[in-house]
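Comments concern the structure below.
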Amino acid sequence: MKQGKAIAARIGAAITIGAIRALFAFLRLLGPERSSDLGGWLLATASPLIPVNHVALANIRATFPDMPDAEVKRIARAAWENLGRVAAEYAHLKTLFDYDYQNPERPSRVEVAGIEHFIALKDDDRPGLIFSAHLANWELPAICAQTYDLETTAVFRAPNTPAVAAIVHEIRSGAMGGLAAAKQGAAFAMQGVLEKGGHLGMLIDQHFTRGVVVPFLGRPALTNPILGKFARRFECPVHGVRVVRLPDHRFRIELTPPLELPRDAAGEIDVQGAMAMMTAVVEGWVREHPEQWLWMHRRWRPNMIAAGMLASFDHSRAMVPVFKAT
């Protein structure tokens with residue numbers, strides 16, 4: 001019985017992978033603009049029927065309590081459209097980034113603001129941390145770093161479906177630098193990257209059960225403290241990077257200057273305060289372009305906040321484990 005289920009699971013996974021590859025082949029034939037339009041239209045059209053659409057609507061209403069309901073629904077639909085575009089753009093991930101910083105006037109799909117900070121990170125012979133959020137096509141900064149030889153490891157959460165995760169990892173591996181899955185024991189590998197003078201890039205705008213409590217869009221939220229802990233341990237620069245989706249199928253990548261993170265009475269970086277500052281930057285991004293953020297995620301979980309507040313003090317004092325890369 002178990003063997004039969006295992007065989008069926010393998011067959012199902014193979015069929016799923018084959019179907020996704022066929023879909024991506026079709027999207028590559030369409031080209032990046034038409035495939036993005038198709039993916040955006042399909043998900044925006046289907047969004048009212050998607051069960052978690054009610055999560056998106058509730059999150060937007062809680063963030064903008066005075067917003068007319070028609071505008072709430074418009075933002076939710078636009079967020080689904082953006083997600084559909086991102087999904088379709090995976091078929092073109094290797095070629096989507098076309099900015100040339102040596103010829104910035106050359107017409108391109110992508111423009112970069114703050115390229116001098118990317119160059120400084122590459123040349124300073126120090127580890128560095130880069131935080132980001134699920135805005136526009138959030139995969140582009142890692143591709144930008146790889147294109148210009150900035151040694152960066154992108155920390156990612158794999159999709160729940162193994163077959164989809166395998167395809168996404170295959171695509172990311174061909175377009176980006178190092179990749180580190182956010183799973184048990186990942187902190188050791190991440191610390192090893194920094195000890196070698198590398199850089200870590202991480203999305204910080206999703207719920208993390210064992211996180212620190214920080215304010216986000218008017219409500220307390222649990223946030224992964226790992227970047228704050230690494231900043232405290234390594235005393236390295238911390239930058240934010242976001243992507244903005246522009247008209248005519250274009251994008252702008254913006255890298256902030258290094259943040260001046262808050263410190264405790266002993267002069268060390270305060271972990272919870274650091275995460276609150278990074279999250280405040282993300283909040284500004286979301287408020288500026290709410291239609292480009294991932295509202296359908298259950299970012300706020302009030303039933304977990306009380307326990308998170310009790311744990312936040314321990315997080316703010318704890319250091320990441322010492323690990324020597326070999």
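The values are calculated or read from the model by the stated rules, or taken from the named source; none is laboratory data. Computed from a predicted structure; not experimentally measured. Glycine gets a Cβ as well: all are built from the backbone with ideal geometry, and neighbour counts include every protein chain shown. In case anyone asks, the SASA skips ligands and DNA or RNA and just uses the protein heavy atoms, side chains included. Shrake-Rupley method; radii C 1.70, N 1.55, O 1.52, S 1.80 Å.
If a/c stays under 1.5 just call it rounded; otherwise compare a/b with b/c (prolate if a/b is bigger, oblate if not). Do that for segment 186-265, with a ≥ b ≥ c from the square roots of the Cα gyration tensor eigenvalues. It would help to have the intermediate numbers written out before the result.
Values: a/c = 1.73, a/b = 1.25, b/c = 1.38.
It comes out oblate by the Cα gyration axes.
To the nearest 0.05, how large is the calculated FRET efficiency for Asp248 and Leu23 if R₀ is 22 Å and r is the Cβ-Cβ distance?
My answer for the efficiency is 0.35.
At 7 Å along the Cα-to-beta-carbon direction for both Ala189 and Ala46, put a label point, then send me their distance in nm to one decimal.
3.0
What does the highest-first list of 128-141, 203-216 look like by mean Cβ count within 10 Å? Before the final figure, lay out each step's value.
Numbers: 128-141: 24.3, 203-216: 19.4.
Sorting 128-141, 203-216 by mean packing, highest first, produces 128-141, 203-216.
First check a/c for segment 94-137, with a ≥ b ≥ c the square roots of the eigenvalues of its C-alpha gyration tensor; if it is under 1.5, answer rounded, and if not, answer prolate when a/b is larger than b/c or oblate otherwise. Don't skip to the answer; put the middle values down first.
Working: a/c = 2.45, a/b = 1.30, b/c = 1.88.
Judged from the Cα gyration tensor, segment 94-137 comes out oblate (a/c at least 1.5, b/c at or above a/b).
State, to one decimal in nm, how far the label point of Arg74 lies from the label point of Thr95, with both points 7 Å from Cα in the Cβ direction.
For Arg74 paired with Thr95, the spin-label model returns 3.5 nm.
Figure the gain on full extension for Arg106 and Leu38 (residue separation times 0.36 nm, minus the Cα-Cα span) and round it to one decimal in nm.
21.7 nm
So, in nm, how far is label Asp66 from label His54 when the simple model puts each one 7 Å beyond its Cα toward the Cβ?
That separation, rounded to one decimal, is 2.9 nm.
So which trypsin sites (Lys or Arg not before Pro) in segment 65-100 end up in coil per DSSP with only 14 or fewer other C-beta atoms within 10 Å?
Values: sites: Lys73, Arg74, Arg77, Arg85, Lys94; in loops: none.
For trypsin sites (Lys or Arg not before Pro) across segment 65-100 that sit outside H, G, I, E and B with at most 14 neighbouring Cβ atoms in 10 Å, the list is empty.
Taking a probe of 1.4 Å, how large is the accessible area per residue of segment 249-288, in Å²?
With all protein chains present, segment 249-288 gives 45 Å² per residue.
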